[in-house]
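> Encoded as structure tokens, here's the structure I'll be asking about.
The values are calculated or read from the model by the stated rules, or taken from the named source; none is laboratory data. Not measured: the values here are computed from a predicted model. With ideal geometry, Cβ positions are generated from the backbone for all residues, glycine too; neighbour counts draw on all protein chains shown.
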Amino acid sequence: MSHVAKYTLLSVVFAAACASEPPPPPPPPPAPAKPEPSAEEVKAAALLSSAKAVFQPLPVFMEKGGVRPTDDQIALGRTLYYETRLSKSQTISCNSCHDLARFGVDGQPTSPGHKGQLGGRNSPTSLNAALHIAQFWDGRAADVEAQAKGPVLNPIEMAMKDEASVVAVLKSIPAYEEMFRKAFPDQPDPITYDHMADAIGAFERGLVTPAPFDRFLDGDLKALNADQQAGLATFMSSGCTACHNGVGVGGAGYFKLGQAVPYETADQGRFELTKNEADRFMFKAPSLRNVTKTGPYFHDGSITTLDSAVTLMGKHQLGRDLDAKAVGEIVAFLGALEGTVNADYVKAPELPPAGPTTPKADPS
């Protein structure tokens with residue numbers, strides 16, 4: 001075959017091959033243009049940006065030093081939280097004053113303890129409490145583990161004689177032997193007063209109540225309604241964030257009650273603990289999470305409505321006479337701090353039965 005014939009044949013074959021290839025696909029249509037954000041979305045985004053500079057969303061669990069307690073420690077702590085035999089009369093538990101069915105409070109100005117004696121200060125909620133700089137209104141306990149030791153031996157509250165008496169009760173209840181051993185497996189004597197408090201604290205570190213405000217802080221611009229967004233803006237512009245900020249929306253520092261306008265109270269605050277003149281009338285700023293459910297308010301439980309509490313704080317802490325509109329807006333925002341309690345986590349367990357040597361109740 002001549003070179004011309006070969007060239008012609010190859011040309012025909014190449015042309016046929018090209019003709020058999022499908023045409024290239026058409027280019028994809030352009031992506032639809034994103035709709036311009038509405039004025040409300042722009043405003044909410046700006047509010048979120050301002051809020052994120054002041055607040056942080058709740059963690060899933062309030063770890064201590066980056067360490068999460070074991071499930072056995074939490075289970076033991078849950079039982080001990082409801083254990084009435086940690087009190088002399090065997091009628092009072094942690095849950096009596098910090099009722100988990102009532103957002104961690106008992107709804108009383110001050111709580112009744114042994115023989116009906118009343119404490120001197122309002123019982124704050126145990127929900128989210130592990131976030132705080134310290135525990136109690138005066139900060140006398142460093143954390144929830146240390147706090148758990150106090151009421152059990154307080155003669156006005158649970159009135160147990162001493163740590164040894166508490167340990168004796170726990171050791172007399174057979175089921176606690178196994179529960180403490182599982183919770184503290186490497187300890188030669190797992191049932192101790194410190195381990196009791198550590199277990200209660202381990203349980204309390206899971207008392208986290210995520211709220212609409214947390215979803216907002218995580219970027220959900222629709223998590224707060226228009227009234228709550230207006231309230232957040234007023235809350236920040238009024239100066240409330242000076243004391244109520246961070247992940248707890250409070251609980252992170254001590255402030256003088258009546259720092260702008262004197263507030264009449266016989267309670268000297270941290271001064272009664274430290275005897276330092278600078279601490280006179282100083283109290284830990286309470287967390288405002290779930291505040292719509294945790295009245296009455298202030299250290300003495302003397303304020304019955306949230307509107308009154310906001311009005312008084314505006315006057316005495318900020319030197320501002322907040323009008324009804326501003327108060328209503330702030331209260332609307334505070335509603336967005338009302339969180340959800342994990343019902344399974346806080347469900348009251350069946351307390352283990354007493355043993356043959358378990359002391360009887362002593363109401364005296």
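> Out of everything in segment 192-207 that is buried (at least 22 other Cβ atoms within 10 Å of the Cβ) and outside any helix (DSSP H, G or I), what residue ends up being nearest to the chain's Cα centre (by Cα)?
Ranking the qualifying residues of segment 192-207, first place goes to Leu207.
> Based on this model, can you work out whether Arg181 counts as surrounded by fewer than 17 Cβ atoms within 10 Å (Cβ to Cβ) and at pLDDT 95 or above?
Details: surrounded by fewer than 17 Cβ atoms within 10 Å (Cβ to Cβ): yes; at pLDDT 95 or above: yes.
Here the answer is yes, as Arg181 does meet what is asked.
> May I pose another question? Residues that are over 16 Å from Cys94 (Cβ atoms) and in contact with a Phe, Trp or Tyr (Cβ under 6 Å, 6 or more places away or on another chain): does segment 133-140 have at least one?
Residues of segment 133-140 that are over 16 Å from Cys94 (Cβ atoms), as a first pass: 133-134, 137-140.
Within this subset, residues satisfying the condition of being in contact with a Phe, Trp or Tyr (Cβ under 6 Å, 6 or more places away or on another chain) are 137.
There is at least one residue in segment 133-140 that is over 16 Å from Cys94 (Cβ atoms) and in contact with a Phe, Trp or Tyr (Cβ under 6 Å, 6 or more places away or on another chain).
> Residues that are small (Gly, Ala, Ser) and under 24 Å from Phe333 (Cβ atoms): does segment 51-64 have at least one?
Keep residues of segment 51-64 that are small (Gly, Ala, Ser), which gives 51, 53.
Those still in the list that are under 24 Å from Phe333 (Cβ atoms) too: 51, 53.
So far as segment 51-64 goes, yes, one or more of its residues are small (Gly, Ala, Ser) and under 24 Å from Phe333 (Cβ atoms).
> Would you check which residues across segment 212-248 are crowded, with 17+ Cβ neighbours inside 10 Å, more than 21 Å from Arg270 (Cβ to Cβ) and under 16 Å from the mean Cα position of the chain (by Cα) and list them?
Pro212, Phe213, Asp214, Leu217, Val247
> Can you work out which of the residues in segment 142-158 that are in contact (Cβ under 8 Å) with a residue 60 or more places away in the chain and buried (at least 21 other Cβ atoms within 10 Å of the Cβ) is nearest to Gln73 (Cα to Cα)?
Quick first cut of segment 142-158, residues in contact (Cβ under 8 Å) with a residue 60 or more places away in the chain only: 143-145, 152, 157-158.
If we keep only those that are buried (at least 21 other Cβ atoms within 10 Å of the Cβ) too, we end up with 144-145, 152, 157-158.
Values: Val144: 14, Glu145: 12, Val152: 19, Glu157: 25, Met158: 23 Å.
Restricting to residues being in contact (Cβ under 8 Å) with a residue 60 or more places away in the chain and buried (at least 21 other Cβ atoms within 10 Å of the Cβ), the top hit is Glu145.
> Hey, another quick one. Within segment 63-92, take every residue that is among the polar types (S, T, N, Q) and surrounded by fewer than 23 Cβ atoms within 10 Å (Cβ to Cβ) and give me the one that is farthest from the chain's Cα centre (by Cα). Before the answer, list the steps.
Here is the first cut: in segment 63-92, the residues among the polar types (S, T, N, Q) are 70, 73, 79, 84, 87, 89-91.
Add one more test, that the residue is surrounded by fewer than 23 Cβ atoms within 10 Å (Cβ to Cβ), and what stays is 70, 79, 84, 89-91.
On the way: Thr70: 20, Thr79: 20, Thr84: 24, Ser89: 30, Gln90: 29, Thr91: 27 Å.
Ranking the candidates gives Ser89 first.
> Report yes if some residue within segment 318-336 is part of a loop (DSSP other than H, G, I, E, B) and within 17 Å of the chain's Cα centre (by Cα); otherwise report no.
If we filter segment 318-336 for residues that are part of a loop (DSSP other than H, G, I, E, B), which is where we start, we get 319-323, 336.
Going one step further and asking which of them are within 17 Å of the chain's Cα centre (by Cα), we end up with 336.
There is at least one residue in segment 318-336 that is part of a loop (DSSP other than H, G, I, E, B) and within 17 Å of the chain's Cα centre (by Cα).
> Continuing with the same structure: Looking at segment 9-63 only, could you name the residues that are among the hydroxyl-bearing types (Ser, Thr, Tyr) and at pLDDT 75 or above?
Step one: of segment 9-63, the residues among the hydroxyl-bearing types (Ser, Thr, Tyr) are 11, 20, 38, 49-50.
If the condition is that a residue be among the hydroxyl-bearing types (Ser, Thr, Tyr) and at pLDDT 75 or above, then Ser38, Ser49, Ser50 are the ones that fit.
> All but one of (1) outside any helix (DSSP H, G or I); (2) surrounded by 21 or more Cβ atoms within 10 Å (Cβ to Cβ) hold for Met313, so report the exception by its number.
Exception for Met313: condition (1).
> In addition: In this structure, is Val341 touching a residue at least 12 places away in the same chain (Cβ under 8 Å), of a type in the set (Val, Ile, Thr) and buried (at least 21 other Cβ atoms within 10 Å of the Cβ)?
Working: touching a residue at least 12 places away in the same chain (Cβ under 8 Å): yes; of a type in the set (Val, Ile, Thr): yes; buried (at least 21 other Cβ atoms within 10 Å of the Cβ): no.
Spelling it out, it is not the case that Val341 is touching a residue at least 12 places away in the same chain (Cβ under 8 Å), of a type in the set (Val, Ile, Thr) and buried (at least 21 other Cβ atoms within 10 Å of the Cβ).
> Which of the following residues is more than 19 Å from the chain's Cα centre (by Cα) and aliphatic (A, V, I, L, M): Val144, Val169?
Selected residue: Val169, the only one of Val144, Val169 that is more than 19 Å from the chain's Cα centre (by Cα) and aliphatic (A, V, I, L, M).
> Could you look through segment 278-310, keep only residues that are among the charged types (D, E, K, R) and under 20 Å from Ile133 (Cα atoms), and pick out the one that is surrounded by the most Cβ atoms within 10 Å (Cβ to Cβ)? Walk me through it before giving the result.
From segment 278-310, those among the charged types (D, E, K, R) are 279-280, 284, 289, 293, 300, 307; that's our starting set.
After this cut, where a residue has to be under 20 Å from Ile133 (Cα atoms) as well, the list is 279-280, 284, 289.
Working: Asp279: 19, Arg280: 15, Lys284: 24, Arg289: 31.
The selected residue is Arg289.
> Which residue pairs have Cβ atoms closer than 6 Å, lie 6 or more positions apart in sequence or on different chains, and pair a first residue in segment 318-330 that is buried (at least 17 other Cβ atoms within 10 Å of the Cβ) with a second residue that is outside any helix (DSSP H, G or I)?
These pairs meet every condition: Leu318/Gly239; Leu318/Ala260.
> While we're on this one: Does at least one position in segment 120-130 carry a residue that is buried (at least 19 other Cβ atoms within 10 Å of the Cβ), of a type in the set (Ser, Thr, Tyr), free of Cβ contacts under 8 Å to residues at least 60 places away in the same chain and out of contact with any Cys (no Cβ under 8 Å at 6 or more places or on another chain)?
No, segment 120-130 contains no residue that is buried (at least 19 other Cβ atoms within 10 Å of the Cβ), of a type in the set (Ser, Thr, Tyr), free of Cβ contacts under 8 Å to residues at least 60 places away in the same chain and out of contact with any Cys (no Cβ under 8 Å at 6 or more places or on another chain).
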